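The values are calculated or read from the model by the stated rules, or taken from the named source; none is laboratory data. What you are looking at is a predicted structure, and each value in this text was computed from that prediction instead of being measured. Cβ placement follows ideal geometry from the backbone for every residue including glycine, while neighbour counts extend to all protein chains displayed. All accessible areas refer to the heavy atoms of the entire protein, side chains included, with ligands and DNA or RNA removed. Shrake-Rupley method; radii C 1.70, N 1.55, O 1.52, S 1.80 Å.
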Amino acid sequence: MADLLIELFSEEIPAGMQKKASEDLQAMMLKGLGDAGLEGELAQTFSTPRRLVFALSGLPEATPDVREERRGPRVDAPEKAIEGFLRGARVARHQCEEREEAKGKFLFAVIEKKGRPTAEVVAEVLEQTIRNFPWPKSQRWGVGSLRWVRPLQSILCILGDRIVDLELDGFKVGNSTKGHRFLASDSFEVSSFEDYRNKLEAHKVMLSPVQRMKLIADRARELASQKGVEWVEDKGLLAEVAGLVEWPVPLMGSFDPAFMAVPEEVLILTMKKDQKYFVTRDKKTGKLAPYFITVSNIEPSDGGAMVAAGNERVLSARLSDAKFFWEQDLKHKLEDNLPALADIVFHIELGRVSDRVARMKALARYLAQFIPGCDADEAERAAELAKADLVSGMVFEFPEVQGVMGRYYAKEQGESDAVADAIRDHYAPAGPNDDCPTAPVSVAVALAEKLDTLMGFFAIDKRPTGSKDPFALRRAALGIIRLITENNIRLELAGTLIMAAKPLKPYLGLMVADVAEDARQEAILHHVTATIEDHLLPFFADRLKVQQRDVGMRHDLIDAVFVKGDDDLVRVLARVSALSAFLDTEDGSNLLAGYKRAANILRIEEKKDDRAYDQNIDASVLADVEEKALAQALEAAAENAEAALQVEDFEKAMAALSSLRAPIDAFFEKVTVNADDMALRANRLALLASIRAAVNTVADFSLIEG
């Protein structure tokens, strides 16, 4: 057995690519070796800013010998058939065996392949891995054809105590590497993975990203504690910083408390995004503290004072800019920014941002009536100001704080908390894990923003296709679903979408500009109605299935309810929940089976007779006790289920359906549907049609699997 060690040493690899690259290196090497019949014991991968490393223990010295048998044609087959078989198997005629079988005597080629040295296989797999490595972005350098994320410097590959023989675009594989770029840059040779890791450590390179992250986190807590503050852990930033340094040395710096007047979101963004600093908070108040933690890639001789001071100067300049933008923006009110929104194109076919704001205002006021506790004037005011911070100096410099800064500006100019919070929250929820607004005004404005987006882009036929969704319409639909269902908002989706479409008429009119006004208005109405019915409502049904799948709800039940034409999402989910609970019972599963049996018989007989049997049951034709009992049960169940649905008591509606189980079972057990008497047969088929109709009052059971 031998251990394999590979290191691909290069210029600095972007931090965000390192984890995926190390996973790809392992996957490609293991697959290539596995396809050749080589299996190891323990596979490990590591990454630093300058190297990708793969180690695999317990590889055999060679691939196993392989003996393969291929059956060919009969010995008396045409010569060309035999020649084709021999050519495919790469054997001569005399090398084949003749074996007697039930259908005659056949040729068998026995192919024996000797195992190959593992080092040869490793060389081939490594070359293919390097040449076909799936970097998101790669580059060429020098005169070679090799592509890598950054220029490769060397390739280390040893199997056991031997160097694997491979030369690749001028790179001769060896057993040497280099240490830290600044602290220990000399070359050194290695003989095994343990030797490699130990020597890297001695040359100021910490190989494991997990180890680097732990060191940074532990030291950051210590430094914060020394100042009486708390380090704010940021896992994403921690992973990124660990990918920027090979020998992490956390240091603490500070900034002028005067900058604390700037909103903390801007301070955090400046430190995190631009400088890769960790922030700290006061342990008692939870407020941001004027200290930060940076991670150096060197060991300063003065304990880090000079490095910290340099970082403080850089941060001070950045925070001074932020403070300037903040103070300048406060010199005028948010509504002073509104005229400038007319200079920003939202979409060439949907007008400018000022037009979008006007649509949002009207829609937010309309939605307020459906949201308990929502003040229509506040909803309209918040919608009016929601986009005003887009032309502020702060958002121009820091686009990530749009909405957040709008809230601060609104509070500074005396707007109510409801209006200010709605300005901040109107983009939410931006993803499945984001908090969903619950304040009434915030919900109204967030809904208005997303409904305008969705209706607008669907109306101009910019629907998502496949994996492409450039306008994030799937995310907007999921946001609408969450806002409605999590806040228990009762509204008809189709009617609301029509209201959202009304302000779009001037833009949609351009699609049919060369016709008379009456015809144009009719064409616009037809287009909007068709868009909603044929595209938007099915789109919402699909998004609802995606959202509910994550909480364990069956997609077929949503289809079965949605197809009934109900577009009140709260009511749809309540009905789906009741239906799911019902089908989990014995009565429910048996009723579904009975329904499927009735529907299948009906489908066959209606196709054969070329007619439907959706007719009233003739009580005078009913002959058997079981069919009479079923007719009575159907009438009562349909009436009770319909009454329960009217008051949205879905559990009671399901209970009404459950009363059909016994009479349906008895009917199928005792009664022959296809009787010789044609009138009796037609009446019994009408009974089956009544089963179908009664059950389908709650949901379309034909769409339910099982």
Problem set entry | Volume of the Cα convex hull of the stretch 126-255, divided per residue and given in Å³ | 155
Exercise. Hey, how much of the P(r) for the stretch 622-693 falls beyond 17 Å, as a percent of Cα pairs?
Worked result: 44
For this session: Evaluate E = 1/(1 + (r/R0)^6) for S57 and K103, where r is the Cβ-Cβ distance and R0 equals 56 Å; express this FRET efficiency to the nearest 0.05.
Result: 0.65
For this session: For E11 and R131, compute 0.36 nm times the residue count separating them, minus their Cα-Cα distance, and round to one decimal in nm.
Result: 41.5 nm
Seminar exercise, completed: Along the dipole axis of the stretch 605-706 (charges at Cβ: +1 for Lys and Arg, -1 for Asp and Glu; origin at the Cα centre), the most positive-end residue among V671, I691, A619 is V671
Exercise. Sorted from largest down, what three extents in whole angstroms do the Cα atoms of the stretch 328-389 have along their principal axes?
Worked result: 36, 34, 11
Problem set entry | Percent of alpha-carbon pairs separated by more than 20 Å within the stretch 36-135 | 59
Exercise. Relative contact order for the chain: what is it in percent, counting Cα pairs under 8 Å that are at least 6 residues apart?
Worked result: 7
For this session: Would you work out the charge dipole size for the chain about its Cα centre, treating the Cβ of every Lys and Arg as +1 and the Cβ of every Asp and Glu as -1, and quote it to the nearest 20 debye?
Result: 1820
Exercise. Expressed as a whole percentage, what fraction of the accessible surface of the chain belongs to carbon and sulfur atoms when a 1.4 Å probe is rolled over the protein heavy atoms?
Worked result: 50
Seminar exercise, completed: The computed P(r) of the stretch 194-324 puts the percent of Cα pairs beyond 17 Å at 58
Exercise. Once label points are set 7 Å from the Cα along Cα→Cβ at both A612 and R162, what is their separation, rounded to one decimal in nm?
Worked result: 8.0
Problem set entry | Heavy-atom accessible area per residue - the chain, 1.4 Å, Å² | 48
Exercise. Where Rh denotes the Kirkwood radius from the mean inverse Cα pair distance, what is Rg over Rh for the stretch 505-586?
Worked result: 1.22
Seminar exercise, completed: Of the convex hull enclosing the alpha-carbon atoms of the stretch 547-706, the direction-averaged projected area in nm² is 9.4
Seminar exercise, completed: Per the stretch 265-389, sqrt(5λ) over the Cα gyration tensor eigenvalues, sorted largest first, in Å, gives 43, 19, 13
Seminar exercise, completed: The relative contact order of the stretch 339-420, taking Cα pairs under 8 Å that sit 6 or more residues apart, comes to a percentage of 21
Problem set entry | Inter-label distance, nm, simple model (7 Å from Cα along the C-beta direction), D550/Q153 | 4.3
Exercise. What do you get for Rg/Rh of the stretch 606-655 when both radii come from the Cα atoms and Rh is the Kirkwood radius?
Worked result: 1.12
Exercise. Roughly what would the spin-label model give for E705 and K273, points 7 Å off Cα along C-beta, in nm?
Worked result: 4.3
Seminar exercise, completed: Protection proxy (average C-beta count within 10 Å per residue), highest first, orders 346-358, 439-451, 42-54 as 439-451, 42-54, 346-358
Exercise. How big is the convex hull of the Cα atoms of the stretch 220-259, per residue, in Å³?
Worked result: 94
Exercise. Principal axis lengths of the stretch 298-362 from Cα atoms, whole Å, largest first?
Worked result: 63, 29, 19
Problem set entry | FRET efficiency, 1/(1 + (r/R0)^6) with R0 41 Å, evaluated for D434 and E335 via beta carbons | 0.90
For this session: With a Förster radius of 30 Å, plug the Cβ-Cβ distance of I604 and T465 into 1/(1 + (r/R0)^6) and report the FRET value to the nearest 0.05.
Result: 0.20
For this session: Could you sort 521-531, 290-300 so that the peptide with the highest average Cβ count within 10 Å comes first and the rest follow in order?
Result: 290-300, 521-531
Seminar exercise, completed: Dividing the mean separation of Cα pairs under 8 Å (6+ apart) by the residue count of the stretch 472-568 yields a relative contact order in percent of 36
Exercise. What number in nm² do you get for the stretch 449-574 if you take the convex hull of its Cα atoms and divide its surface by four?
Worked result: 8.2
Seminar exercise, completed: The farthest towards the positive end of the charge dipole of the stretch 293-332, of the residues V314, P300, F325, given +1 on Cβ of Lys and Arg and -1 on Cβ of Asp and Glu, is F325
Seminar exercise, completed: Rounded to one decimal in Å, the inverse mean reciprocal Cα-Cα distance for the stretch 235-311, i.e. its Kirkwood radius, is 13.2
Seminar exercise, completed: One quarter of the C-alpha convex hull surface, i.e. the mean projected area of the stretch 567-629 in nm², amounts to 6.8
For this session: With a cut-off of 18 Å, note down the residues of the stretch 582-617 whose backbone N falls inside the zone around a label point 7 Å from the Cα of E642 toward its beta carbon.
Result: 614-617
For this session: Subtracting the Cα-Cα distance from 0.36 nm times the residue separation, let me have the gained length for A202 to D665 in nm, one decimal.
Result: 158.7 nm
Seminar exercise, completed: Summing -39500 (n - 2.57) over every DSSP H run of at least 4 residues in the chain and dividing by its residue count gives a helix-only mean residue ellipticity at 222 nm, to the nearest 500 deg cm²/dmol, of -15500 deg cm²/dmol
Exercise. Rg and Dmax of the chain, using alpha carbons, in Å: what are they?
Worked result: 36.0, 106
For this session: For the stretch 392-512, give the magnitude of the charge dipole about the Cα centre (Cβ charges: +1 Lys/Arg, -1 Asp/Glu; no others), in debye to the nearest 20.
Result: 560
Problem set entry | Gain upon complete extension [Q369, A258; 0.36 nm per residue less C-alpha separation] | 35.5 nm
Problem set entry | q = 0.15, 0.24 Å⁻¹: log10 I(q)/I(0) that the Debye formula gives for the stretch 1-88, counting C-alpha atoms only | -0.67, -1.12
Exercise. Where Rh denotes the Kirkwood radius from the mean inverse Cα pair distance, what is Rg over Rh for the stretch 99-148?
Worked result: 1.43
Seminar exercise, completed: For the chain, whose charge dipole is built from +1 on Lys and Arg Cβ atoms and -1 on Asp and Glu Cβ atoms, the candidate among V232, F171, L33 with its Cα farthest towards the positive end is F171
Problem set entry | Kirkwood hydrodynamic radius of the stretch 320-429, Cα pairs, Å | 14.2
Exercise. Can you work out D for the stretch 391-442 in µm² s⁻¹ from Stokes-Einstein, where Rh is the Kirkwood radius over C-alpha pairs, the temperature is 37 °C and the viscosity is 0.692 mPa s?
Worked result: 286
